[in-house]
Amino acid sequence: MPDGGIGAPTKRREDLRFLTGKGRYTDDINLRGQSYCVFVRSQVAHGRIVSIDTSKAAAMPGVIQVFTGDDFAEVGSIPCGWQIHDRKGEPMLEPAHPVLARGKVRYVGDAYAAVVAETEAQARDAAEAVEAEIEELPAVIDMVKAVSDKSNLVHDEIGSNLCYDWGFVEENREATAKAIDEAYHVTTLELVNNRLIPNAMEPRVAVGDYDETNDHSTLHTTSQNPHVIRLLMGAFVLGIPEHKLRVVAPDVGGGFGSKIFHYAEEAFVTFAAKQIKRPVKWTSTRSEAFMTDAHGRDHVTKIELALDNEGHFLALRTNTYANMGAYLSTFSTSVPTYLHGTLMAGNYKTPHIYVNVKAVFTNTVPVDAYRGAGRPEATFQLERVIDKAAREMGIDPIEIRRRNFIQPDEFPYQTPVAVSYDTGNYQATMDKLIEIADLDGFEERRAASAARGKLRGLGVNCYIEACGIAPSNLVGQLGARAGLYESATVRVNATGGLVVMTGSHSHGQGHETAFPQVIASMIGIDPSMVEIVHGDTANTPMGMGTYGSRSLAVGGSAMVKATEKIIAKAKKIAAHILEASDQDIELKDGMFTVKGTDKSKAWGDITLAAYVPHNYPLESLEPGLEETAFYDPSNFTYPAGAYACEVEVDPETGQVEIASFAAADDFGNIINPLIVSGQVHGGIGQGIGQALLEQAVYDDNGQLLSGSYMDYAMPRASDVPSYVVDHSCQTPCTHNPLGVKGCGEAGAIGSPPAVVNAVIDALHRGGHTHVSHINMPLSPSRVWAAMQKS
Amino acid sequence: MYAFEIETPSTVQDAVAALKSEGAQALGGGHTLIPTLKSRLAAPEKLVALSGIDEIKGVRMGDDSRLCIGGGTTHATVAAEAAGHYPGLARLASLIGDPAVRNRGTIGGSLANNDPSACYPAGTLASGATIVTNAREIAADDFFQGMFTTALDEGEIITEVKFPIPEKSFYAKMLQPASRFPLTAVFVAKFADGVRVAVTGASESGVFRWAEAEAALSSDFSKAAVDALSAPPADGMIGDIHGTPEYRAHLVKVMTGRAVENAA
Ligand SMILES: Cc1cc2nc3c(=O)[nH]c(=O)nc-3n(C[C@H](O)[C@H](O)[C@H](O)COP(=O)(O)OP(=O)(O)OC[C@H]3O[C@@H](n4cnc5c(N)ncnc54)[C@H](O)[C@@H]3O)c2cc1C
């Protein structure tokens, strides 16, 4: 076995270019004759466009053309990728989402005009000269009020601010209500899952290009899924067939979901480039990123958990208002529904579960998937209500969870919320957590904190998530307007090196390192012989991209399938050369051997023969060694784990410090433990950010109060502890060839409840027993205020 | 950013002359002004950079045992060079922003800007320092005139700040979680003839002296003396997404107590 295959903690090869400034990001792409675009964005949250006068702007120096919504009259609407049907089976309300606003502006930052000029400065100057008369309307901000308010609509033409009223599973509604009504104890919790701004390190950029000679458009963009953008923008918005449209997403500096979606700016630069027959570049400023990148979360929820007298869960009901923002972003509608409701069983046997979600339009930027997407919202409410129930019933929070766990011998486990978990072992991760977090030593640490005047608390929770998104036939039934397979082409070169062209996209995940490790193990060669090509629709097979922790589970599986085809063919070539039957050929350590003999040929001999087919079974086998495979998963994967957080609360100021954080995750098989740890660290960092610091705030007029780093608090190194993470509990996924489950979102999903549980625990231990919940972020001000009430 | 001209004088005299032209503005370290320009919230026609004027840089002990800091001295220099003379003030400087901010931002810029959440106004007011300009000397008690407002005239340059050195002092800073400016911070300075307590980050009228605490601490310099006070009224305190007026008022008391406890 060569070094560096499956299981090796190899350092990420791509980091060399990222850390030495040699990455090539979209903003590094500058095309000959390039022009620059600046958008004119609404400063009011809601307003009727009375008139837009572009004449002054058009006459400014360097201005090539000024565009308004009228220029897009013949252009399609930015599509939503998932159609939800409501409780009554009616399709969701789906308003138009124009490239440039027409008639109305609907959030602060909504673009209603755009200037294309020779330089960025000229475009910016001219953008200020665009004169618009916008009659301001009252802003629709409060979700709960918006649902019943018919007099003030974000979209007048659809007649309501309610996008859908979804019940899941609708048939469970009655039985759940009955079980709750009859239960020994019901714990109720109202909470907010705070709205977040993604803050990828690299802001969005789009460069449109058009080649008149062959009527070919190219879009360079900061995307997690270039093929999806090509499909959505080409087919639905601009009407460009795929063979005339290339989408390139080169190095991308972080996405966290926010770069999945098809944004209007992408369509704009592609369209404008064709109009002016010159490349058009747009680079988001950081302020624009705050205002216009799709935000995450933003749920207002009431959850009820019914229990018997021993703390067994009997039923769970949750009612959520989910903010859609002003328009439906690509996956916005699926996040609070199928990525959220399906996870409400958590790691537990709850016989009756009913989920109701009201998706609401507001005059805020669209809300869509953000690391975890729906699953953090599910996990947070469930693990918070369990903690509250444990306290109310006087049962230890770990014990109450154990009592309700799905047991290892109960898999596959069909939940009452549609999904069926294939495998897991929740007792094992909990045991591991107790060990790595040294929970036995908590009391001693608490006493030490108390001696320093600090309230120490311990928060524990579990999580489960559905990753490896997703079986196409299933999601099709649920309203997805796309399949969710993945693809790979494996090209073996004559001298034995391999290139994998994958539909997955790497923007921080480390595919360039992990994928070769898999092939290295399959063939028995050094991983350095394998390279990954991704991010360009011109040279990769149709793929659905990277999100939902799907790359290895789905994209990696496609690569395995393609490599299996390669190996099968290579064995036939070897059989011919070694004059044996291909059934008798074994491939090990890069050598093809005839079983039971010492006759063998090296990998490189066979790959050479494939391309120099002098001694080759040409009558039965094509030359060359290149295979493509598409892989459509038969189920989701279900990573799960148990997390523990200890905090210290300053009783005078309410300041919370994370004292320790431990995570025991079951990701199934692990390809590269170093990358997995890094993903978990990053995810927990984001979860701590959500729990303690981050908060997108719109005021009643729809102005974004947290529109810069002066007011939007990102976690910094000093805010997070040294994590203790473990992924040795492994129940391999039963339905993909690698037995992997996905690890990219777990940290962000599992950590917020641990932090909040810990703070509530600290306050209770400090005598503030009236505090049952504090909404995130648990800022010093909020924690202090909670302690004051009694 | 809009286009502007820039001048780089090497004497105060030349800078003052350059600032006389219409639409001219002084540029210190630029850590307030440049972000403002970048977001097109200001449009000076000319910037007069003070960073090339050596005579307004540096930390030295004056003949009257006051610590004299040039108006163009960076926070990093103060943190390093004032430590032996006035540790409380050096510590304040060391807590401003991050290394990039401290290596560029200047005391003159900070005082001229008088952000209601800036650190230096608290240290300056609590010390009873004197602000020296190209034209005159202004007592700290007269200098700060409310949020972003000072006694400076148009084109007037802070050339030096003279700090009486207290027996004991401490700066207690509660961080605003996003900007890491003070959410509320208190500088306590104990002199032979009394105690001065200056609060920043809390009041809608900018930095202020907490008279009740000064009176109490002047007779009994102890945390217990602070504990016995009630927090100042929440009325007029800043309320924003990071903290209510009540919380800030509460923090004034907590931070004052901590400053006293740690004063050295
Ligand atoms: C990320 C970040 C974090 C920060 N954190 C803190 C913090 O924790 N605490 C804190 O107090 N500050 C903080 N600051 C502000 C920082 O200290 C600034 O440097 C300071 O407020 C302004 O000083 P400057 O030299 O940069 O002035 P500039 O930005 O150059 O100028 C500011 C204003 O002062 C005027 N001016 C400049 N110099 C003079 C002079 N000598 N005489 C008269 N007028 C002058 C200018 O014309 C302008 O109006 C932070 C800034 C940033 C960017």
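Quick one: A:Met542 ticks every box in (1) surrounded by fewer than 18 Cβ atoms within 10 Å (Cβ to Cβ); (2) touching a Phe, Trp or Tyr at 6+ places or on another chain (Cβ under 9 Å); (3) not in a loop (DSSP other than H, G, I, E, B) except a single one, so which number is it? Unmet condition: (3). Yes or no: B:Leu152 within 14 Å of chain A (Cβ to nearest Cβ) and within 30 Å of B:Pro99 (Cα to Cα)? So B:Leu152 does not fit the description; no.
Name the single residue, out of those in the range A:110-141 being within 14 Å of chain B (Cβ to nearest Cβ) and crowded, with 18+ Cβ neighbours inside 10 Å, that is farthest from A:Asp700 (Cα to Cα). Per the criteria, the residue is A:Gln122.
Scanning the range A:630-657 for residues that are surrounded by fewer than 21 Cβ atoms within 10 Å (Cβ to Cβ) and over 24 Å from A:Glu465 (Cβ atoms) yields A:Phe630, A:Asp650, A:Pro651, A:Glu652, A:Thr653, A:Glu657.
A quick yes/no check of all residues on (1) touching a strand residue (DSSP E or B) at 6+ places or on another chain (Cβ under 6 Å); (2) surrounded by fewer than 24 Cβ atoms within 10 Å (Cβ to Cβ):
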position: A:His295; (1), (2): yes, no
position: A:Leu305; (1), (2): yes, no
position: A:Ala322; (1), (2): yes, no
position: A:Ser329; (1), (2): no, no
position: A:His352; (1), (2): yes, yes
position: A:Asn356; (1), (2): yes, yes
position: A:Thr364; (1), (2): yes, no
position: A:Arg375; (1), (2): no, no
position: A:Ala378; (1), (2): no, no
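Within the range B:23-45, residues that are outside the structural domain of B:Ser110 (by TED's automatic domain parsing) and over 10 Å from B:Tyr2 (Cα atoms) have Cβ atoms under 6 Å from residues that are more than 8 Å from the ligand (Cβ to nearest atom) and of a type in the set (Lys, Arg) in these pairs: B:Ala24/B:Lys46, counting only partners at least 6 apart in sequence or on another chain.
Screening A:Thr593 on (1) in contact with a helix residue (DSSP H, G or I) (Cβ under 7 Å, 6 or more places away or on another chain); (2) without any contact (Cβ under 8 Å) to a residue 12 or more places away in the chain shows it passes everything except condition (1).
Restricted to the range B:112-183, the set of strands (runs of 3 or more DSSP E) holding at least 1 residues that are within 9 Å of the ligand (Cβ to nearest atom) and aromatic (Phe, Trp, Tyr) is empty. Taken residue by residue, the range A:692-714 has no member that is closer than 24 Å to A:Glu443 by Cβ, more than 14 Å from chain B (Cβ to nearest Cβ) and either in a loop (DSSP other than H, G, I, E, B) or hydroxyl-bearing (Ser, Thr, Tyr) (or both).
Scanning the range A:143-168 for residues that are closer than 23 Å to A:Cys80 by Cα and assigned to a loop (DSSP other than H, G, I, E, B) returns A:Leu153, A:Val154, A:His155, A:Gly159, A:Ser160, A:Asn161. Can you find, within the range A:723-733, the residue that is nearest to the other protein chains (Cβ to nearest Cβ) among those that are in contact with a Gly (Cβ under 9 Å, 6 or more places away or on another chain) and of a type in the set (Ser, Thr, Tyr)? Selected residue: A:Tyr723. For the range A:758-773, the count of residues that are within 25 Å of A:Gly678 (Cβ to Cβ) and away from every other protein chain (no Cβ under 14 Å) is at least one. Tell me, yes or no, whether the range B:221-239 has at least one residue that is within 26 Å of A:Met776 (Cα to Cα), within 14 Å of chain A (Cβ to nearest Cβ), within 16 Å of the ligand (Cβ to nearest atom) and touching a Lys or Arg at 6+ places or on another chain (Cβ under 7 Å). Checking the range B:221-239: at least one residue is within 26 Å of A:Met776 (Cα to Cα), within 14 Å of chain A (Cβ to nearest Cβ), within 16 Å of the ligand (Cβ to nearest atom) and touching a Lys or Arg at 6+ places or on another chain (Cβ under 7 Å). Against the condition touching a Phe, Trp or Tyr at 6+ places or on another chain (Cβ under 7 Å) and at pLDDT 95 or above, how does A:Phe380 come out, does it pass? Considered against the rule, which asks whether it is touching a Phe, Trp or Tyr at 6+ places or on another chain (Cβ under 7 Å) and at pLDDT 95 or above, A:Phe380 comes out as no. Taking the range B:88-103 as the range and being more than 14 Å from chain A (Cβ to nearest Cβ) and within 6 Å of the ligand (Cβ to nearest atom) as the test, only B:Ile96 passes. Screening A:Thr285 on (1) within 14 Å of another protein chain (Cβ to nearest Cβ); (2) surrounded by fewer than 20 Cβ atoms within 10 Å (Cβ to Cβ); (3) closer than 29 Å to A:Ile684 by Cβ shows it passes everything except condition (3). Is one or more of the residues making up the range A:665-684 under 30 Å from B:Pro116 (Cβ atoms), more than 10 Å from chain B (Cβ to nearest Cβ), touching a strand residue (DSSP E or B) at 6+ places or on another chain (Cβ under 7 Å) and β-branched (Val, Ile, Thr)? No, there is no match, as no residue in the range A:665-684 is under 30 Å from B:Pro116 (Cβ atoms), more than 10 Å from chain B (Cβ to nearest Cβ), touching a strand residue (DSSP E or B) at 6+ places or on another chain (Cβ under 7 Å) and β-branched (Val, Ile, Thr). Would you confirm whether any residue within the range A:715-722 is more than 22 Å from A:Gly325 (Cα to Cα) and more than 14 Å from chain B (Cβ to nearest Cβ)? Scanning the range A:715-722 turns up at least one residue that is more than 22 Å from A:Gly325 (Cα to Cα) and more than 14 Å from chain B (Cβ to nearest Cβ).
Here's the yes/no breakdown for (1) at pLDDT below 95; (2) within 30 Å of A:Asp666 (Cα to Cα); (3) within 20 Å of the chain's Cα centre (by Cα); (4) part of a loop (DSSP other than H, G, I, E, B):
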| site | (1), (2), (3), (4) |
| --- | --- |
| A:Leu339 | no, yes, yes, yes |
| A:Thr350 | no, yes, no, yes |
| A:Asn356 | no, yes, no, no |
| A:Asn363 | no, no, no, yes |
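Which ones in the range A:12-22 are under 17 Å from A:Gly678 (Cβ atoms) and either assigned to a loop (DSSP other than H, G, I, E, B) or among the β-branched types (Val, Ile, Thr) (or both)? Hits for the range A:12-22 are A:Arg12, A:Arg13, A:Glu14. For the range B:63-83, residues that are among the polar types (S, T, N, Q) and within 11 Å of the ligand (Cβ to nearest atom) total 2. For the range B:132-147, check the following and say yes or no: at least one residue is surrounded by 18 or more Cβ atoms within 10 Å (Cβ to Cβ), touching a Phe, Trp or Tyr at 6+ places or on another chain (Cβ under 6 Å) and not assigned by TED's automatic domain parsing to the domain that holds B:Pro182. The answer is no, given that none of the residues of the range B:132-147 is surrounded by 18 or more Cβ atoms within 10 Å (Cβ to Cβ), touching a Phe, Trp or Tyr at 6+ places or on another chain (Cβ under 6 Å) and not assigned by TED's automatic domain parsing to the domain that holds B:Pro182.
Per-residue answers, yes or no, for (1) among the aliphatic types (A, V, I, L, M); (2) in contact with a helix residue (DSSP H, G or I) (Cβ under 7 Å, 6 or more places away or on another chain):
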{"site": "A:Ile276", "(1), (2)": "yes, no"}
{"site": "A:Ala315", "(1), (2)": "yes, yes"}
{"site": "A:Asn319", "(1), (2)": "no, no"}
{"site": "A:Thr333", "(1), (2)": "no, no"}
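With respect to B:Asp63, determine if the residue is farther than 18 Å from B:Ala112 by Cβ, modelled with pLDDT under 95 and surrounded by fewer than 13 Cβ atoms within 10 Å (Cβ to Cβ). When the stated conditions are applied, B:Asp63 passes them. Of all residues in the range B:163-182, those satisfying the criterion of being under 16 Å from the mean Cα position of the chain (by Cα), more than 11 Å from chain A (Cβ to nearest Cβ) and buried (at least 19 other Cβ atoms within 10 Å of the Cβ) are B:Phe163, B:Ser169, B:Phe170, B:Tyr171, B:Lys173, B:Pro182. Here the condition is being within 14 Å of chain A (Cβ to nearest Cβ) and not in a loop (DSSP other than H, G, I, E, B); of B:Thr36, B:Thr77, it holds for B:Thr36 alone. Picking from residues in the range B:20-38 that are surrounded by 13 or more Cβ atoms within 10 Å (Cβ to Cβ) and more than 9 Å from the ligand (Cβ to nearest atom), the one that is farthest from B:Pro99 (Cα to Cα) is B:Ser21.
The values are calculated or read from the model by the stated rules, or taken from the named source; none is laboratory data. Given the structure is predicted, the values throughout are model-derived calculations rather than measurements. Cβ sites come from the backbone with ideal geometry, for glycine too, and all protein chains shown count toward neighbours.
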